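Written below as structure tokens is the structure these notes are about.
The values are calculated or read from the model by the stated rules, or taken from the named source; none is laboratory data. These numbers were taken from a predicted model, which means no experiment stands behind them. Every residue, glycine among them, receives a Cβ derived from its backbone with ideal geometry; neighbour counts consider all protein chains shown. Ligands, DNA and RNA are stripped out before the accessible areas are found, and what is left, the full protein with its side chains, is counted by its heavy atoms. Shrake-Rupley method; radii C 1.70, N 1.55, O 1.52, S 1.80 Å.
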Amino acid sequence: MSAEAICMLIAIVVYLLITIGIGIKFSKQNKDTDDFYLGGRKLGPFVTAMSAEASDMSSWLLMGLPGLALVSGVAEPAWTAIGLAVGTYFNWLIVAKRLRIYSHTAGNAATIPAFFSNRFRDDKRILSVIAAVVIVIFFVPYTASGFAACGKLFNSLFEINYGTAMIVSAFVIILYTALGGFLAASTSDLMQSIVMTIAIFVVIIFGVTSVGGMDVVMDNAKSMTGYFSLTNTYNAGSDTGVPYAALSIASAFAWGLGYFGMPHILLRFMAIQDASKLKLSRRIATVWVVVSMGVSILIGVVGNAMIKQGVLGKLDDPERIIVNIASLISEHGVLAALIAGVILAGILAATMSTADSQLLAASSSVSQNIVKEVFVKDLSEKASMIIARITLVVIAVVAVVIARNQNSSVFGIVSFAWAGFGAAFGPVMLAALFWKRCNKYGALAGMISGGVMVFIWKFLVRPIGGIWDIYELLPAFVVSALFIAIVSLFTKEPDREIVEEFNSVSHQIKNYH
């Protein structure tokens, strides 16, 4: 192993040790499962904002997004980013405060499945169980893709066996998450968001400098027909632009709908200590999302210029553009190699910040909403904590087994899981928070129909092509919303107790300062 590789590895190891230290620090603060899964509802506004967005972006931010921009131009990634930015803002604006207050009022729910059952007085906990199953179905492969990304990173850079590297990375994530729970995950996510920010800015500055300035980057982009257009995509094979139709724009923009159903993001809203601070959190989160996604897309554009200028060789995998730039940086001495290590730690941070939150959301769904609520209802807090940690480890092990396949696309897996949560939970969450007439039957119908339609559209309808080639989240979201409305209106109205609680929450929000 070269001296540069050793320096990069040292920087990464230090970063991993810090995350473990965070887990150890918060391990003694988990007195019960409410602390373990929701941090006792005592997050500050800055940690709430940054941990939510770091857990949101995943390795997609530093691998999938710049890789897509590199090969196809800015249209698809830009419209996707715009949709996500709008979705981020409105999720914080209309959902955050209401969910924080409602989840506490409705039985002090500590998980999204529990909130659904409490909100609709689902005494049989059917909504909880179905929601927990949905979370496991979509989060386990999502988490596995994160483990795989870590394994590929170490394998390609340091020639460490992929399986070994993936397992070690997963072990670190499991260790600090199982020890420190939600507070450790949220605090480490804050640190990880900072590392990610440093990484993308160092990469973009180096990339622009290496090709001779921003003028060179722009000239290169303009020379490729459709590459720098929001209404065309670049076709490398024929060097011509392909129209990016309004339907495609709507499909990419629909990514923003997914935010209303993301459990690991919604949990941050529930966990903030002071709901009045959510306005500050919204501003921090929105600015960071817009800037980070904009810079990530620009990295893809700069990377294309670096390849054309001969600064970088041709990439077999465009999602590795930042990895290759970091390797190039490491060749400029020991300090540069350490900086490159920080950049690579940024990719790990993007992956880990999502994986830890996903593990917590999935394990809480199984241990709290299936094991405790359905099978063993009289568990002591000590037993609940043990089961919570065991469940987290078991789910992580399943994700490790799935992650043995190192050839999957980060962007593909993330987009499918995003659609699954957005369609299964998004319309139900909005109806639960804002529609008094919605009942448990409508919520159940919406959850199931949305989740099923994601599979139907992805594997049966979308392959037809043409006008049917739409991101599965959009049609599935519409179907779920229709089922919620129709089934709720044709079944029994909510009980008076439910309506009074809804009105009480609305009153609290109007008078909350």
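Below is a table of values for the structure above.
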| item | result |
| --- | --- |
| Some residue of the range 247-266 being aromatic (Phe, Trp, Tyr) and modelled with pLDDT under 90 | yes |
| Residue within the range 309-322 that is buried (at least 22 other Cβ atoms within 10 Å of the Cβ) and within 16 Å of Val208 (Cα to Cα) present | yes |
| Yes/no for Arg282 being open to solvent by less than 10 Å² (accessible area, probe 1.4 Å) and either touching a Leu at 6+ places or on another chain (Cβ under 9 Å) or not basic (Lys, Arg) (or both) | no |
| Residue match in the range 247-259 (condition: in contact (Cβ under 8 Å) with a residue 40 or more places away in the chain, in a loop (DSSP other than H, G, I, E, B), open to solvent by less than 50 Å² (accessible area, probe 1.4 Å) and not β-branched (Val, Ile, Thr)) | no |
| Residue identified as small (Gly, Ala, Ser) and either under 30 Å from Asn155 (Cα atoms) or free of Cβ contacts under 8 Å to residues at least 12 places away in the same chain (or both) among Ala417, Ala445, Ala476 | Ala417 |
| Matching entry among Lys458, Lys436 (being of a type in the set (Lys, Arg) and either within 23 Å of Ile126 (Cβ to Cβ) or open to solvent by less than 30 Å² (accessible area, probe 1.4 Å) (or both)) | Lys436 |
| Selection count, the range 227-245, where residues are modelled with pLDDT of 85 or more and either open to solvent by less than 60 Å² (accessible area, probe 1.4 Å) or not in a loop (DSSP other than H, G, I, E, B) (or both) | 2 |
| Members of the range 491-513 found to be open to solvent by 100 Å² or more (accessible area, probe 1.4 Å) and in contact with a helix residue (DSSP H, G or I) (Cβ under 9 Å, 6 or more places away or on another chain), listed by number | Lys492, Glu493, His513 |
| Residues of the range 67-91 that turn out to be under 15 Å from Ile265 (Cβ atoms), open to solvent by 10 Å² or more (accessible area, probe 1.4 Å), touching a helix residue (DSSP H, G or I) at 6+ places or on another chain (Cβ under 6 Å) and not aliphatic (A, V, I, L, M), as a count | 1 |
| Residue in the range 92-106 that is surrounded by fewer than 21 Cβ atoms within 10 Å (Cβ to Cβ), in a loop (DSSP other than H, G, I, E, B), more than 19 Å from the chain's Cα centre (by Cα) and small (Gly, Ala, Ser) present | no |
| Considering residues of the range 203-218 that are part of a helix (DSSP H, G or I) and small (Gly, Ala, Ser) only, the residue surrounded by the most Cβ atoms within 10 Å (Cβ to Cβ) | Gly207 |
| Among the candidates Val393, Val374, Val414, Val401, residue that is open to solvent by less than 30 Å² (accessible area, probe 1.4 Å) and assigned to a helix (DSSP H, G or I) | Val414 |
| Test for Leu312: is it among the aliphatic types (A, V, I, L, M), touching a residue at least 12 places away in the same chain (Cβ under 8 Å) and part of a loop (DSSP other than H, G, I, E, B) | yes |
| Tally of residues being touching a Ser or Thr at 6+ places or on another chain (Cβ under 6 Å), among the β-branched types (Val, Ile, Thr) and open to solvent by less than 30 Å² (accessible area, probe 1.4 Å) across the range 1-57 | 4 |
| Selection count, the range 121-156, where residues are in contact with a Leu (Cβ under 8 Å, 6 or more places away or on another chain), farther than 21 Å from Val414 by Cβ and crowded, with 24+ Cβ neighbours inside 10 Å | 1 |
